[in-house]
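Here's the structure, in structure tokens; my notes come after.
Any read-out appearing in this document is the output of simple, stated calculations on the displayed coordinates, not a laboratory observation. What you are looking at is a predicted structure, and each value in this text was computed from that prediction instead of being measured. We place every Cβ from the backbone using ideal geometry, glycine too, and count neighbours over all the protein chains shown.
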Amino acid sequence: MIDRRARGYPAAGTVDVVVIGAGHSGLAMSARLSGHSIDHVVLERGEIANSWRHERWDSLRLLTPNWQSRLPGYRYAGADPDGFMTMPEVIDFIEGYARAAAAPVRTGTTVVSVRSVDGGFRVVTQRGQWRCRAVVLASGAHHVPHIPACAAALPKSLRTLSSKDYRNPHDLDDRGVLIVGASATGLQLADEIHASGREVTLAVGEHIRMPRVYRGLDIQRWMDSVGILDQRYDTVDDIVRARRVPSPQLIGSPERATLDLNTLTERGVEIVGRFVGVNDGVAQFSGSLRNHCAMADLKLTRLLDTIDGWVARGRNYGAVAAPERFAATRVDEKPRLSLDLNKQRIGTVIWATGFRPDYSWLQVPPALDRKGHLLHEGGVAGVRGLYALGLPFMRRRKSSFIHGAEDDVRELGEHLSAYLFGFSQASSSRRA
Ligand SMILES: Cc1cc2nc3c(=O)[nH]c(=O)nc-3n(C[C@H](O)[C@H](O)[C@H](O)COP(=O)(O)OP(=O)(O)OC[C@H]3O[C@@H](n4cnc5c(N)ncnc54)[C@H](O)[C@@H]3O)c2cc1C
């Protein structure tokens with residue numbers, strides 16, 4: 001598990017900055033720190049690009065097109081800029097970046113605690129301790145599955161999985177599957193599992209509907225150009241809510257197909273309302289399905305209006321196709337409100353209900369709120385010298401995407417450099 005480049009490197013010591021996590025975020029910060037000759041180390045519990053290697057299902061492709069896969073000083077250079085990377089391709093891309101940036105990564109090094117000491121930090125790993133003046137948390141946002149408490153009442157005979165544990169339909173028995181959550185993950189799994197011949201019921205709450213292609217261009221091209229992905233956290237009325245908005249219903253496929261609830265209904269997936277509980281082996285769904293779908297349709301129309309307005313103001317790519325509007329989401333007159341899990345032969349429940357980070361090892365008390373979420377202002381934590389990267393809508397709407405690291409790392413890198421400079425000055429005046 002130890003990275004070849006890490007052999008012979010010390011597993012402990014003193015550096016200016018410890019970066020935790022060698023996903024794209026940690027590597028992007030490492031490249032920035034190296035560019036400014038700031039002494040640092042990147043500690044990674046697994047391998048480079050660990051989440052993409054071990055926490056994603058087999059058929060997943062990025063939902064962002066290749067042209068959008070860019071990191072500071074590095075971008076996709078292949079022959080298919082409009083394609084969507086498979087998982088092995090994403091791993092190659094991130095590994096290539098680590099090599100290009102000559103990132104000082106220590107793989108197989110799990111951080112077990114971070115504590116404040118003498119105005120800096122002590123970072124303890126299972127292989128040794130690091131002292132540093134600043135810590136960058138680039139440890140990801142998808143550690144603990146967000147599973148509703150009422151799930152505890154599910155019959156023990158059912159298999160329950162989070163989307164992190166699911167790999168492919170062959171892992172499942174041949175009975176029906178209830179998937180809870182209708183963001184990109186829930187929809188993709190529903191489609192794949194249904195195509196494998198299993199009955200699928202999809203519980204749908206708040207969701208974001210999006211076509212893959214609009215007016216002849218990929219929707220991500222529009223989102224990028226119109227500036228939606230660049231929207232800053234400090235310009236949003238309710239950032240707490242904005243950070244909880246689910247991922248858009250998109251899939252990256254060679255066919256550039258749209259995958260929405262209408263597609264799934266046509267294919268035979270049963271759509272029901274939000275999962276609200278289980279009573280005597282009977283799953284209960286809320287009656288809010290129609291409202292959630294109407295809200296998603298309305299938001300989709302607003303998005304398309306924004307794009308059309310941008311085109312009408314002449315800021316376009318030349319000739320683009322005419323505006324179009326999509327059929328409203330079709331909802332049964334009387335959608336099912338309950339499902340007898342035994343009678344309907346449900347064998348598996350998959351939670352596609354999102355994740356939250358696990359900072360149980362971050363023992364710097366004012367850093368976390370009561371629920372264990374990091375308290376931060378655009379990635380700058382409440383504790384001096386502590387920074388985060390890659391969290392949802394952290395500084396911009398695109399912060400959790402690969403290409404979001406570019407701007408975030410530049411800005412947080414500046415903040416961090418200024419902090420280290422101030423720290424050095426304070427230390428020298430104390431010595432004087
Ligand atoms: C299903 C799914 C699909 C996605 N699709 C896209 C997409 O199409 N396009 C896009 O741009 N983004 C996509 N994302 C979002 C985003 O790119 C990922 O969440 C990305 O992995 C976040 O990168 P990161 O570097 O911040 O964190 P991660 O890639 O999660 O890296 C964090 C690293 O920290 C390590 N770590 C964690 N805890 C410790 C510890 N205690 N000690 C040492 N190391 C630790 C982990 O092993 C991991 O390697 C997707 C995310 C998911 C979940």
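What to note about this one:
- Listed peptides 290-300, 171-181 appear in the order 171-181, 290-300 once ranked by packing, highest mean of other Cβ atoms within 10 Å at the front.
- Relative packing of peptides 352-358, 187-193, 141-147 - highest average C-beta neighbours within 10 Å first: 187-193, 352-358, 141-147
- Across region 10-72, Cα-Cα pairs farther apart than 18 Å form 48% of the total.
- Spherically averaged projected area in nm², based on the convex hull that wraps the Cα atoms of region 350-391: 3.7
- Residue-normalised convex hull volume from the C-alpha trace of region 129-264: 213 Å³ per residue.
- Amide H contacts under 5 Å for Gly354, placed H, 5+ residues apart: His146
- Highest-first arrangement of 377-388, 203-214, where packing means the average Cβ count within 10 Å: 203-214, 377-388
- Centre separation in Å (Cα based) which lies between region 323-377 and region 75-119: 27
- Value in Å of the Kirkwood radius, where region 224-354 supplies the Cα pairs that are averaged: 18.1
- Under 5 Å between amide hydrogens, built in the peptide plane, is the criterion, and for Tyr214 it picks out Ile219 among residues at least 5 positions away or on other chains.
- The spread of Cα positions in region 111-202, taken along each principal axis and listed from longest to shortest, comes to 59, 27, 24 Å.
- Residues with amide H under 5 Å from that of Ser400, placed H, sequence gap 5 or more: Phe393, Met394
- For the chain, the ratio of Cα radius of gyration to the globular rule of thumb 2.2 N^0.38 Å stands at 1.04.
- Both radii come from the Cα set of region 279-398: Rg as radius of gyration, Rh as Kirkwood radius; their ratio Rg/Rh reads 1.12.
- Across the options Ser225, His194, Ile208, the greatest Cα extent toward the positive end of the charge dipole of region 194-235 (unit charges at beta carbon of Lys, Arg, Asp, Glu) belongs to His194.
- Other residues whose C-beta falls under 14 angstrom from the C-beta of Leu172 contribute a net charge of -2, scoring Lys and Arg +1 and Asp and Glu -1.
- The eigenvalues of the Cα gyration tensor, multiplied by 5 and square-rooted, give region 1-152 an equivalent ellipsoid with semi-axes of 28, 21, 14 Å from largest to smallest.
- Using R0 = 22 Å, the C-beta based FRET efficiency linking Glu414 and Thr14 works out to 0.40.
- The chain: relative contact order as a whole-number percent, Cα under 8 Å and 6+ apart: 21
- Label-point separation, Ala195 to Gln126 (7 Å along Cα→Cβ), nm: 3.7
- Vicinal HN-Hα couplings computed from phi for region 296-306 (Karplus, 6.51 cos²θ - 1.76 cosθ + 1.60; Hz; Gly/Pro x): 5, 5, 5, 5, 5, 4, 4, 4, 5, 4, 4
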